[in-house]
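Notes for the one structure printed next.
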Amino acid sequence: MRCIFKLVFILSIFQCKIQNKSQNLFDPTTLSGGSVAVLSSLVFQDGIQITTRYQPNDYPSFIKTEILDLDLDKPVSSHFNKKHFYVSENYKDDLVLRDVFPLSDSKVRVLFSVSSRSEWREPISLSIQKPESLTEYAFNGRTLEFKFPYPRYIGNISEAKGQITTNRLLNGKILLVGGVSVSGNTLATVEILNPETGTTTLLPSLNQSLMGMAICSNPDGTVYVSGGKTIAGPATNNSQFSNKIYKINETNQTVEELPFSMQKRRYGHSMVCLNNGDLLVSGGQFQVGTDQNAITNDHEYVSIQNGNTTLLNSSANFPMNTIFHFAEYDSFKNRVLFFGGKDRIDPYAIYLNSIYTLDLNSQVLSTLPAVFSTARSNVTSLILPGNDRLVLGGIMGGGVGSRSIESWSETSSVSQTNGFTSRMKNGSSITTFSNSQVIYTGGVDTYYKSGILELYDHIEKKNFVIDTMMYARSEHSAIQTSRGIIIFGDSALSDTRVELYGKD
């Protein structure tokens, strides 16, 4: 009884000190409101939590959609309206509150009007105060902060080059293998970039200069690269295609050419690392030529333990000779999925819009029922929450870059088009920005290199231009790290600098 009496007495005394009776007692921006909010939390056991869909590493795309939905863990949305929300002073003229209203008992929608601001750099704060009508639950007020990424230089790679074969290692560092120099020569360089410091460590070089290799990593972190070309332009001799496989160990900083080779030389092929430590190599160009006869439709199983390779049965073959496709290893179903590709190098190529699945147990290739609306090669496929596969970028007939953003849901066997990028671009580098967002970097926009950064938000199903890189690039690399997106390389720029597009 003594504790209850003291609490009631403190509250009654505090209330007597409020001079402006029109003031909201629960406004967290005032001394009195903050004090009442603290005391009220002692009285009410159940507090209210307010959250948004945005995670710390997400880009706050509500500045593009002008809509922000808030989730409440209690059915009290009817108590909130526009007068309970405040945008931070630094953005009050750029992000104007238009309306606030309930979507359901536990969801509130905030509408904004956004000015044509060229840069979003400083964090946005959205303060929410407690409505006076809200008496059944405790709520101390809430301030939501949203941070923006921005571009800056953080270091250098060892030499100016593009078309680099890359892989993000288990420790977050980035492996760079081969590529093409600004003089047009292929390279044998192997190096590791540390995104935390912006510095690189050189490893022993390959035994030959190569570009266009396939790369994958085992669960233990061992990396393999295979095939590629010794020349940047069209091959004039079969020997310019490689059949070698290299094993790279980052821990020991070793680069080892395996003592056996693939049965076919391959370029524009795919390779996946299997859970048992072996490799599967598929398709690609194996001999000089621009028609379909220079391309293969087979798959080669590489046994690391036995030290040999085997061509899979013809039941595993692609329906047509295939190059520049994307392969995804599904370890749970012991299968490989294939997206995109084309049957030859010349301008009359047939481009693919089918999805193939190769059952590694039966060695049988099947065509899945879903078909993409855009047939293209050189695509990027990414897995997002819900196991939706996004298929982005790539090249269509006539060598034109594709703008289409498509997704495939295996559960519903449905593919759909979710939007289009702002421009047709070749040579973009596409990677995940966060769990639900994908970023496009650079590329060639018709005749000119692009420095544009575009973001696709899979929850919103929309694409936005969000920023520009420090330098326009194509045939470069963009890789997601814990710091943000690391961008480097360009085979026509004598620039070794590494960009970071990330938050503080």
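Within segment 73-86, if we keep just the residues that are open to solvent by 30 Å² or more (accessible area, probe 1.4 Å) and in contact (Cβ under 8 Å) with a residue 12 or more places away in the chain, the residue that is nearest to Arg142 (Cα to Cα) turns out to be Tyr86. Applying the set (1) open to solvent by 40 Å² or more (accessible area, probe 1.4 Å); (2) more than 28 Å from the chain's Cα centre (by Cα) to Ser217 leaves exactly one unmet item: (2).
Pairs are defined by a Cβ separation below 7 Å, a sequence spacing of at least 6 or placement on different chains, a first member in segment 268-294 that is at positive phi, and a second member that is surrounded by fewer than 21 Cβ atoms within 10 Å (Cβ to Cβ) and in a loop (DSSP other than H, G, I, E, B); the pairs so defined are Gly277/Asn218; Gly277/Ile304; Gly277/Gln305; Gly283/Asn297.
Just for segment 340-398: of the residues that are assigned to a loop (DSSP other than H, G, I, E, B) and among the β-branched types (Val, Ile, Thr), which one is surrounded by the fewest Cβ atoms within 10 Å (Cβ to Cβ)? Per the stated criteria, the residue is Ile350.
If the condition is being more than 17 Å from Tyr301 (Cα to Cα) and either aliphatic (A, V, I, L, M) or at pLDDT below 95 (or both), then segment 254-273 contributes only Val255.
Pick out, from segment 401-492, the strands (runs of 3 or more DSSP E) lying fully within it that include 2 or more residues that are touching a strand residue (DSSP E or B) at 6+ places or on another chain (Cβ under 6 Å) and within 26 Å of Asn156 (Cα to Cα). If you could, list the steps in order and put the result at the bottom.
On the way: elements: 404-409, 414-420, 429-434, 437-441, 452-457, 462-468, 477-481, 484-488.
It comes to 429-434, 437-441, 452-457, 462-468, 477-481, 484-488.
Only one of the numbered conditions (1) over 18 Å from Ser331 (Cβ atoms); (2) more than 25 Å from the chain's Cα centre (by Cα); (3) open to solvent by less than 50 Å² (accessible area, probe 1.4 Å) is violated by Gly212, and that is (2). Among the criteria (1) aromatic (Phe, Trp, Tyr); (2) closer than 28 Å to Leu203 by Cα; (3) open to solvent by less than 50 Å² (accessible area, probe 1.4 Å), the one Tyr301 does not fulfil is (3). For segment 236-251, state whether one or more residues are under 27 Å from the mean Cα position of the chain (by Cα), assigned to a strand (DSSP E or B) and of a type in the set (D, E, K, R). Checking segment 236-251: at least one residue is under 27 Å from the mean Cα position of the chain (by Cα), assigned to a strand (DSSP E or B) and of a type in the set (D, E, K, R). Among the residues of segment 106-116, which ones are free of Cβ contacts under 8 Å to residues at least 40 places away in the same chain and out of contact with any Ser or Thr (no Cβ under 8 Å at 6 or more places or on another chain)? Residues satisfying the conditions are Ser115, Ser116. Residues in segment 126-157 that are open to solvent by less than 30 Å² (accessible area, probe 1.4 Å) and touching a strand residue (DSSP E or B) at 6+ places or on another chain (Cβ under 7 Å): how many? Of the residues in segment 126-157, 12 are open to solvent by less than 30 Å² (accessible area, probe 1.4 Å) and touching a strand residue (DSSP E or B) at 6+ places or on another chain (Cβ under 7 Å).
Out of Ser450, Ser474, Ser412, one residue alone is at pLDDT below 95 and open to solvent by 40 Å² or more (accessible area, probe 1.4 Å). It is Ser412. Criterion applied to Asn387, Asn334, Asn313 was being under 23 Å from the mean Cα position of the chain (by Cα) and in contact (Cβ under 8 Å) with a residue 12 or more places away in the chain, and the one residue passing it is Asn387.
The values are calculated or read from the model by the stated rules, or taken from the named source; none is laboratory data. For clarity, every value in this text was computed on a predicted model and none was experimentally measured. With ideal geometry, Cβ positions are generated from the backbone for all residues, glycine too; neighbour counts draw on all protein chains shown. For accessibility, only protein heavy atoms count, side chains too; no ligands or nucleic acids. Shrake-Rupley method; radii C 1.70, N 1.55, O 1.52, S 1.80 Å.
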